[in-house]
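Step one of this worksheet: look at the structure below.
The values are calculated or read from the model by the stated rules, or taken from the named source; none is laboratory data. Quick caveat: nothing in here was measured; it's all calculated off a predicted structure. Every residue, glycine as well, gets a Cβ built from its backbone with ideal geometry; the counts of neighbours run over all protein chains shown.
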Amino acid sequence: MKGLSEGLILGIESSCDETAAAVVAGGRRVLSNTVASQVDLFRKYGGVVPEIASRRHLELILPVIREALQTAGVTLEQIDAVAVTHGPGLVGTLLVGLSAAKALAFGLDKPLIGVNHLQGHIYANFLVEPPPEFPLVCLVVSGGHTDLIYMAGHGRMELLGRTLDDAAGEAFDKVARSVGLGYPGGPQVEKLARSGDPEAVPLPRAHTEGPYDFSFSGLKTAVLQYVQRTGPLNDQQRADLAASFQRAVTSVLVERTVKAAEAKGVRQVILAGGVAANGALREEMRAALEPRGIRLGYPPPVLCTDNAAMIAAAGYYLWRAGVRHDLDLNAVPGLGLGIGG
Ligand code: KG4
Ligand code: ZN
């Protein structure tokens with residue numbers, strides 16, 4: 001393994017309920033991508049319990065790192081840098097990954113690179129063939145964020161718009177709960193929606209002052225009110241509601257993204273974050289962009305939801321740009337992209 005020429009990055013991610021480590025070469029080639037999900041643990045609580053998550057990360061972090069290195073077939077000495085999520089996320093869980101990364105960087109005398117989790121989601125797109133081309137518009141849709149970003153090049157970002165209240169993934173999770181689906185809600189709503197009629201239940205599309213902003217709390221409330229009004233839903237009504245809700249979210253995401261792409265004159269749009277795994281969103285976005293000659297890119301579902309390959313990929317470009325962090329790097333739960341978001 002030609003460590004230096006390849007840029008071999010060990011990525012570590014622990015911002016929420018996935019303990020993850022990965023080795024990525026040259027920011028593009030995934031040699032390993034180990035994810036230990038705590039989803040099963042939190043199903044019975046209907047969401048993440050931060051204290052329990054932190055303890056679980058503590059148990060999992062070293063075995064997960066070990067497995068990532070073993071699968072990649074590389075030793076710690078061959079790694080060029082350790083990239084780690086330092087925010088945004090839960091402070092207690094972030095600190096577990098960050099402490100492990102610092103210990104490794106210090107012990108091995110290798111560079112430590114703090115990565116913004118959202119930037120990681122965006123850079124998952126660089127792990128697929130063909131890679132995205134700049135300039136581009138990126139829609140970040142995760143459990144905590146809904147941002148529309150213009151990227152002129154690596155690290156050159158401009159925030160075009162964002163959600164004014166709930167994130168898209170959060171809306172999926174809350175609506176899932178209201179129709180009796182478990183946590184995490186997104187994938188289950190998507191599954192249920194397949195047998196429903198997206199036009200069956202009229203739901204509001206929020207108007208926002210900013211042309212590229214979003215708002216999902218009114219939609220969420222409308223779904224809750226519909227459930228209360230209608231009483232116990234039968235299977236078809238649940239499916240129709242799931243499909244109508246999903247369409248209400250995707251139609252707004254598609255409309256604003258297309259508008260932004262056209263205003264910026266880009267030929268490339270990419271999707272990032274857990275909700276980017278949603279098949280309806282991908283299909284509707286592609287159907288809107290393709291006739292306009294705009295290419296759509298998105299990562300495979302495993303790279304859409306939280307993982308460490310995306311952190312290693314983002315870390316690679318920072319490493320290449322000469323970014324190095326000190327060992328006093330802290331966890332920043334509310335870390336923004338530094339572009340006004
Ligand atoms: O990016 P992510 O894994 O974690 C955060 O950084 O937030 O996103 C998790 C979110 C959850 O809200 C989950 O319900 C949603 O992504 N999600 C989906 C799908 N898969 C995950 N939402 C809609 N459709 C999906 N297939
Ligand atoms: Zn995430």
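Here are the numbers:
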| read-out | value |
| --- | --- |
| Exclusive hit being modelled with pLDDT of 95 or more, surrounded by 19 or more Cβ atoms within 10 Å (Cβ to Cβ) and touching a Lys or Arg at 6+ places or on another chain (Cβ under 9 Å), set Ala260, Ala313, Ala277 | Ala313 |
| Test for Asp328: is it within 22 Å of Leu98 (Cβ to Cβ), away from ligand 2 (no atom under 16 Å from the Cβ) and part of a loop (DSSP other than H, G, I, E, B) | yes |
| Total residues in segment 138-159, condition buried (at least 24 other Cβ atoms within 10 Å of the Cβ) and either more than 10 Å from ligand 1 (Cβ to nearest atom) or more than 20 Å from Pro88 (Cα to Cα) (or both) | 6 |
| The listed residue being closer than 11 Å to Ile311 by Cα, surrounded by 15 or more Cβ atoms within 10 Å (Cβ to Cβ) and in contact with a strand residue (DSSP E or B) (Cβ under 6 Å, 6 or more places away or on another chain), out of Val30, Val24, Val35 | Val24 |
| Which listed residue, of Glu199, Glu129, is free of Cβ contacts under 8 Å to residues at least 12 places away in the same chain, within 22 Å of Arg286 (Cβ to Cβ) and more than 10 Å from ligand 1 (Cβ to nearest atom) | Glu129 |
| Members of segment 56-109 that are charged (D, E, K, R) and crowded, with 17+ Cβ neighbours inside 10 Å | Arg56, Asp80, Lys102 |
| Of the criteria (1) within 19 Å of Ala309 (Cβ to Cβ); (2) in a loop (DSSP other than H, G, I, E, B), which one Tyr45 fails | (1) |
